[in-house]
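The values are calculated or read from the model by the stated rules, or taken from the named source; none is laboratory data. What you see is a predicted model; the values in this text were computed from it and never measured. We place every Cβ from the backbone using ideal geometry, glycine too, and count neighbours over all the protein chains shown.
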Amino acid sequence: MKLLFGLLLAGLVALGAAGAVMSSHLQTPFKAFDGAEQFVDIPPGSSTASIGQSLVRSGVVRDTLTFRAALWLSGDARRLKAGEYRFAAPLTPAQVLAKIARGDVAQMTITIPEGLTIAEMARLAESRGVGPAAAFVAAARDPAPIRALDPRAPDLEGYLFPDTYSMPRRADAATLVAAMVDRFLKVLTPEMQERARARGLSIRELVTLASIVEKETGKADERPEVAAVYANRLRIGMALQCDPTVIYALQRAGRYDGNLRRDDLQLDSPYNTYRYPGLPPGPIAAPGSDSIDAALSPADAPYLYFVSRNDGSHEFARTLDEHNRNVQKFQVQYFRNRRLAARGR
């Protein structure tokens, strides 16, 4: 009897000790991987056993017994979500499980600036690891998402909204394109669409005008004035004579080398607004909110011309004579002075 009692007592002591160890493991944050971070990929349909093995193998959870105990206590067995997870700081098993149950997958961030074409966005996305540029271009060729707004759109040029996007780390180009067009559809509110109609602009014409404004100036406070120039020219039937539209035409033809020459202004393209009146057939880049707002609400100004001051801003003019004087001052004389200064060094 004494022996049996002794064995029972020893068993209880061992069980208590094991319980204390397990309790400590469950409450103590753990990290056994080298480096600042560890990524664990959980494929769709993974069993809880395989998830536990991946976490243990990656040094995120101490052992499978601790994982199973934490899983039982949490009740999260049916809520664990597939995806790639990033771990950096030591976490308790409960914190690890809560992260996976929330679907708090690893994210990457990519910023698409205003004024880029589909081709330029594609190269940027590729450089950030969002799949090959060709995949981005292929996804952007499908105009279905904006068909209701623009039945004539051959692709998504102008409709991929420039912004900062956070996506799963392994998201592909099609996912980014979908997020960008979805953002555009949210930005262009029904109220804005009604304002466009009130100005006699289709959505395609609005976005095209906004894309021209976007390419002509990087200064937000100038955009309504730039929009006024083009709105005034459209109203009186004057050619837009917009250099960025010619550059876009050259890019489409594979002929742009970074310089715009006088002969390029004779290029036979519907995007050449020196040769063809009115707006070009479609957007030449992705406009941001400020440019869309400017196209919807141009400044109440009589300007028909503007020229660069060579500092990012522009000088506006009402008449051709006034414009020619500005060109003489800010272009001809400015560059003449620079050449003279360079020779005097």
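Could you please find all residues in segment 81-118 being touching a helix residue (DSSP H, G or I) at 6+ places or on another chain (Cβ under 6 Å), more than 25 Å from residue 176 (Cα to Cα) and surrounded by 18 or more Cβ atoms within 10 Å (Cβ to Cβ)?
93, 97
Say whether the condition of being of a type in the set (Asp, Glu) and touching a residue at least 40 places away in the same chain (Cβ under 8 Å) is met by at least one residue in segment 265-287.
no
Within segment 245-271, track down each residue that is in a loop (DSSP other than H, G, I, E, B) and either of a type in the set (D, E, K, R) or under 23 Å from residue 200 (Cα atoms) (or both).
We begin by selecting, within segment 245-271, every residue in a loop (DSSP other than H, G, I, E, B); these are 253-261, 267-271.
Hits for segment 245-271 are 255, 257, 261, 268, 270, 271.
Inside segment 113-140, can you point out the residues that are within 25 Å of residue 192 (Cα to Cα) and of a type outside the set (Asp, Glu)?
113, 115, 116, 117, 118, 140
If we scan segment 101-118, do we find a residue that is in a helix (DSSP H, G or I) and within 17 Å of the chain's Cα centre (by Cα)?
yes
Hey, could you check segment 47-66 for residues that are of a type in the set (Val, Ile, Thr) and in a helix (DSSP H, G or I) and say which is farthest from residue 31 (Cα to Cα)?
48
When you scan segment 314-336, do you find a residue that is of a type in the set (S, T, N, Q), modelled with pLDDT under 90, over 27 Å from the mean Cα position of the chain (by Cα) and not assigned by TED's automatic domain parsing to the domain that holds residue 247, even just one?
Yes - at least one qualifying residue is present in segment 314-336.
List every residue pair whose Cβ atoms sit under 7 Å apart, with the two residues 6 or more apart in sequence or on different chains, where the first one lies in segment 317-345 and is surrounded by 11 or more Cβ atoms within 10 Å (Cβ to Cβ) and the second, anywhere, is modelled with pLDDT of 90 or more and in a helix (DSSP H, G or I).
317/323; 317/326
Just name the residue that is farthest from the chain's Cα centre (by Cα) out of those in segment 295-309 that are in a loop (DSSP other than H, G, I, E, B) and surrounded by 12 or more Cβ atoms within 10 Å (Cβ to Cβ). Write out each step before concluding.
First, the residues of segment 295-309 that are in a loop (DSSP other than H, G, I, E, B): 297-304, 309.
Subsequent filtering for residues that are surrounded by 12 or more Cβ atoms within 10 Å (Cβ to Cβ) retains 297-299, 301-304, 309.
Numbers: 297: 25, 298: 26, 299: 29, 301: 34, 302: 36, 303: 34, 304: 34, 309: 31 Å.
Checked segment 295-309; the qualifying residue farthest from the chain's Cα centre (by Cα) is 302.
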